[in-house]
Amino acid sequence: MNLIPVPLRPAFDYLSQDLLRRVEIRYRLMAAFVLLCLLPVIISGCISYVKSVAAIKENAEVLSREVVEQVSKNVRMRMEQIETESKLLVVSSRLQGALAGATSTGHGSEAREDMARLLLEHFGSMDFINQKYLLDKNNRILDTQAFAQLTRGVSSLVGRAEAQPERTYWGSYDNGVGEQNLGMVTGIFDKSNDQKIGNLVLVVRPQYFSTIFSNVASRSGMEICILDADSKAVVIRADDAQAHGGKPWVSRLIGSIEHNGTAGDASRFLTVTGLQGERYLVAYARIPDTSWLVVSMIAETSLTAEVRAVRNQIVLVGISGFLLSLFLAYFISRSISEPLSKLLRKMHDTGDDAGVPFEDGAPAGTAARGQDELARLELRFERMRAAIGQKIQKINEINASLEQTIIERTAELVARERESRTLIENSPDTITRYDRDVRRIYANPAFCSSSGSSLVEALGKRPSELPGGPNALIYERKIREVIASGKSTQFELRWVGKEGSEQCSHIRITPEIDLFGEVNSVMAVGRDLSDRMAFEATIWRQANFDALTGLPNRQMFHERLDHEAQRSRRSGRRMALMLIDLDRFKEVNDSLGHDTGDVLLVEAARRINACVREMDTVARLGGDEFTIILPELEDDERVERLARAINASLALPFKLGADEEFISASIGITFYPDDADELDVLFKNADQAMYASKNAGRNRFCYFTPAMRVVAERRLRLTSDLRAALPEGQFQLFYQPIIELATGTVCKAEALIRWFHPVRGMISPLEFIPLAEDTGLIVPIGDWVFRQAMRQARRWRERYHGAFQVSVNMSPVQVRQDSMQCARWSEYLEQEGMAGGSVAVEITEGVLLQPESNIDEKLLTLRRAGIGISIDDFGTGYSSLAYLQRFEIDYLKIDRSFVQNLSVNVDNQALCEGMVVLAHKLGIQVIAEGVETAEQEAFLKAVGCDFAQGFLYSKPVSPDQFEAWAWRPVAELADED
């Protein structure tokens, strides 16, 4: 019998069969158990709480009504007592007579004293009356306070009384300090004509009335006060009551009372919301014949505090019951659902093992995880049944295809076996098999070929029998180790081939396991390594020996140096290290070509090697640098004899094809461990000694001394400071004037760089320019010099001399290292908008002899920009008249060495005159450097030299000093104009 109505059955079925079945059984049991346990407690607690709150509010309403009505009556009774005493006074003949006398002339002071006595007699004993006034009809004080003034509050009270029809008026007013005073005004009427002749004003203490309800308020917890509906203020409150909410709260309360009841209502009860949202139960009653209201308030929270405490206890009991019921429900539901869960897990495992995952095959729109255990169990059974049918079908298909596969695999194995045999028999590697007695049971043709035997001869033999040799026993031992251990091994073996040549093979031996897990044989695969070893030897020689000379290279040199140093430490004998640098090799290499230079290097290496002992090591470090390691020295004379022999041998002429060249060697010598314990320092010592030989004139040898290290360290520090000099602005350009001899005018200047070191002061260019060239810093320094000189030339051309020219020196290193420098300088001129003739570039003769520098293209770039080309130090280098014709040269600068002795040296005079004539014939102007005397100037002018430069005119000076020296008269004339 179905008790569910027909319209609700679809919803009930959806809830019970679909929605709830998405939740597992144990969770449904737990929810039902908890609801059955807690629902009665929750419902009964809520009903009890609501009824208790309603009953408390009802009792509070009854009590509040009774309290306010009783307080209203008591207040009214006290007011009537004061009114009665006041009426007795105002109708007394004595008061009316005194009042009439006070208004007449002649008896005013006596009447006022009489009225004052009347006030004291009637009200003197009433301490609750603060102030007492008798006023005439114009509201002037008639008692002894005649000269006093009514306060603003009393005046407003009297004014309100005049507007009322009653003869007695009660009201309140603000005393000026935020408090309300109570006042009563009673009109005084003449008994003869019933005309108003004055007013009696009494100011009553509020405490007189508050004592009526203070005790009641403190016992009941209520807030009782009396409100004035006219002034919207609290006029009387309990003695210990605090002001509540201020005037906005009072206004809201009075507004709620006026909105709640009509004027004729005696007492009412309502609920009022406070300024902060709190709720109050308010009972009020009006005091008859006044605008006053007796109000009692009690906070709703204080009424229901005990009920809420009981409610909280019920909640705690409910939570405890919930937790306890949840705990019990968990165990009860677990005891019911756990067997189902175990069965479901077993079904899942069975389905997974059968290859049917739980989620696979789920119908569209369903979620297996959204169902209970029974539904999932049912779904699993259905899927497993379908899966079993599919498995049976697959098994039948597999059996059918397996037979075909076996046939195909058998044929494939036969083909692969044939291919494998072909590969083994044609493999270049030797492949053999050995039994447990280390006798050969198989050998491929490669083994037979390498051993020089036939297959019949090879089979049944041990390695010691064929191919034999001293290492065959090692081979047999390796085979026995593999048979014993069952593990593969590999090694390299040298043996004698069929032609008696030594061969090397990499052999890998692999055990062959039978059906019982025993090693019954091994297979050995050998690969010939002879070619690889030869290649490795070649690589090793290339890595350790110089390809050109056959001497040890830098790497081998360092290895042997370390080895000989260790031997020296063990034996206690000294070791010497020589560093040899060929002098003038670069000139030969540049002039005759690199191939010829290589021939010279090979011959030099042979000569050096011929001078040393067998135990000595000669190495080539690179370029034209060689080193010699001399171990186990007995005395220093051996080293000196060797150095002299090398110098003598290298000084002999070198036959280079049709040419014959001469070179020399600069040798540096240092001793280990006398000069240094560390090999790096030892090598640096040899390098410093070698540079000392070069600086001393070359073709000699020098021993290292500690002073050389000081010089090297100073050079290193100076190099480090030089890197910071340009960024920190430590360079300055000085200018030396160039004079036109025909006119005596200053038309050119040479820009000369000066380095003002912050610590060492000015450093000579002769000291730092070589360092800049060695480190490559000459390129950025040269760019800076060109830019500064260009800007200075622009300034002087604009201010003093429109055709003035500044010459800048270009180092050979700049030409070699920076292929774009000439093009970049041309761009600088174009960017500044200057003519090319404002700048000239001075180069040395050596620059023109550098074939690898593409000097033709670079000079052509300068010529296209209009920049002048000057040959500096002409006559001191490898002078070639051919380049004067080949290149477009603008100026020749005669070196100062020819100019210095002109007055006494006839040869120098002839050379200078010849240079001038030669240059003029080629259309080149001549500049003489180093002019220091008037005789030199006169001779140069006589031979037709164009320009002169030297200390006779000025030393190099700063730009400001140059201007002051060269153009001072021009400046003075400009000032006079």
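Miscellaneous remarks
- Here F701 meets the list (1) surrounded by fewer than 20 Cβ atoms within 10 Å (Cβ to Cβ); (2) at pLDDT 90 or above almost entirely, failing just condition (1).
- Some residue of the range 696-705 being in contact with a strand residue (DSSP E or B) (Cβ under 8 Å, 6 or more places away or on another chain), in the same structural domain as I663 (by TED's automatic domain parsing) and without any contact (Cβ under 8 Å) to a residue 24 or more places away in the chain: yes
- All positions within the range 67-101 that are assigned to a helix (DSSP H, G or I), of a type in the set (V, I, T) and under 18 Å from G187 (Cα atoms): I82, T84, V90
Residue by residue, here is whether (1) modelled with pLDDT of 90 or more; (2) aromatic (F, W, Y); (3) more than 23 Å from I889 (Cα to Cα); (4) touching an Asp or Glu at 6+ places or on another chain (Cβ under 9 Å) holds:
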{"residue": "R717", "(1), (2), (3), (4)": "no, no, yes, no"}
{"residue": "Y735", "(1), (2), (3), (4)": "yes, yes, no, yes"}
{"residue": "E740", "(1), (2), (3), (4)": "yes, no, no, yes"}
{"residue": "L752", "(1), (2), (3), (4)": "yes, no, no, no"}
{"residue": "F756", "(1), (2), (3), (4)": "yes, yes, yes, no"}
{"residue": "H801", "(1), (2), (3), (4)": "no, no, yes, no"}
{"residue": "F804", "(1), (2), (3), (4)": "yes, yes, no, no"}
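- Helices (runs of 4 or more DSSP H) enclosed by the range 869-967 - at least 2 residues per element that are touching a Leu at 6+ places or on another chain (Cβ under 7 Å): 881-886, 906-921, 934-942
- Of the residues making up the range 504-530, just one is among the acidic types (D, E), assigned to a strand (DSSP E or B) and within 19 Å of I483 (Cα to Cα), namely E512.
- Selection status of V201, farther than 15 Å from S86 by Cβ, crowded, with 20+ Cβ neighbours inside 10 Å, at pLDDT 80 or above and assigned by TED's automatic domain parsing to the domain that holds R78: no
- Counting residues in the range 174-183 that are in contact (Cβ under 8 Å) with a residue 40 or more places away in the chain, over 17 Å from R237 (Cα atoms) and among the polar types (S, T, N, Q) gives zero.
- So S64, is it hydroxyl-bearing (S, T, Y), in contact with a Phe, Trp or Tyr (Cβ under 8 Å, 6 or more places away or on another chain) and part of a helix (DSSP H, G or I): yes
- All of (1) within 24 Å of D659 (Cβ to Cβ); (2) among the polar types (S, T, N, Q); (3) at pLDDT 90 or above hold for Q566 with one exception: (1).
- Scanning the range 270-286 for residues that are of a type in the set (D, E, K, R), assigned to a strand (DSSP E or B) and either under 60 Å from the mean Cα position of the chain (by Cα) or closer than 11 Å to L253 by Cα (or both) yields one hit, R279.
- L741 touching a Leu at 6+ places or on another chain (Cβ under 7 Å) and either surrounded by 13 or more Cβ atoms within 10 Å (Cβ to Cβ) or within 23 Å of D636 (Cβ to Cβ) (or both): yes
- Test: R334 is modelled with pLDDT of 70 or more and assigned to a helix (DSSP H, G or I): no
- Test: residue in the range 882-889 that is of a type in the set (A, V, I, L, M), crowded, with 17+ Cβ neighbours inside 10 Å and at pLDDT 80 or above: yes
- Boolean, F535 is among the aromatic types (F, W, Y), over 18 Å from P653 (Cα atoms), touching a residue at least 60 places away in the same chain (Cβ under 8 Å) and not in a loop (DSSP other than H, G, I, E, B): no
- Candidates Q732, Q736, filtered to the one that is in the same structural domain as F951 (by TED's automatic domain parsing), within 30 Å of I927 (Cα to Cα) and in contact with a Leu (Cβ under 9 Å, 6 or more places away or on another chain): Q736
Residue-by-condition table, conditions (1) touching a helix residue (DSSP H, G or I) at 6+ places or on another chain (Cβ under 8 Å); (2) surrounded by 15 or more Cβ atoms within 10 Å (Cβ to Cβ); (3) polar (S, T, N, Q); (4) over 30 Å from F939 (Cα atoms):
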residue: A724; (1), (2), (3), (4): no, no, no, yes
residue: P727; (1), (2), (3), (4): no, no, no, yes
residue: K748; (1), (2), (3), (4): no, yes, no, no
residue: I763; (1), (2), (3), (4): yes, yes, no, yes
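- Top-ranked residue in the range 429-463 [being over 17 Å from D528 (Cα atoms) and of a type in the set (V, I, T); ranked as modelled with the lowest pLDDT]: V456
- Of all residues in the range 43-56, those satisfying the criterion of being surrounded by 16 or more Cβ atoms within 10 Å (Cβ to Cβ) and of a type outside the set (G, A, S) are Y49, V53, I56.
- Restricting the first member to the range 76-100 and to residues that are at pLDDT below 85, and the second to residues that are of a type in the set (D, E, K, R) and not in a loop (DSSP other than H, G, I, E, B), the beta-carbon pairs closer than 7 Å and six or more apart or on different chains are A98/D114.
- If you go through the range 290-322 and keep only what is at pLDDT 75 or above and part of a loop (DSSP other than H, G, I, E, B), you end up with T290, S291.
- Here L466, L402 are screened, and the one residue that is at pLDDT 85 or above and among the aliphatic types (A, V, I, L, M) is L402.
- Candidates R383, R421: the one that is surrounded by 11 or more Cβ atoms within 10 Å (Cβ to Cβ) and either over 30 Å from H348 (Cα atoms) or out of contact with any Gly (no Cβ under 9 Å at 6 or more places or on another chain) (or both) is R421.
- When E564, E614 are checked against the criterion of being touching a residue at least 24 places away in the same chain (Cβ under 8 Å) and either of a type in the set (D, E) or farther than 14 Å from F671 by Cα (or both), a single residue qualifies: E564.
- Residue in the range 650-669 that is within 53 Å of the chain's Cα centre (by Cα) and either surrounded by 17 or more Cβ atoms within 10 Å (Cβ to Cβ) or modelled with pLDDT under 90 (or both) present: yes
- The set of residues in the range 560-596 that are under 19 Å from V612 (Cα atoms), of a type in the set (D, E) and surrounded by fewer than 18 Cβ atoms within 10 Å (Cβ to Cβ) is empty.
- If only residues of the range 670-693 that are surrounded by fewer than 16 Cβ atoms within 10 Å (Cβ to Cβ) and not β-branched (V, I, T) are counted, the one that is nearest to the chain's Cα centre (by Cα) is D680.
The values are calculated or read from the model by the stated rules, or taken from the named source; none is laboratory data. All values derive from a computational prediction rather than experimental measurement. Using ideal geometry, Cβ is built from the backbone for each residue, glycine included, and neighbour counts are taken over all protein chains shown.
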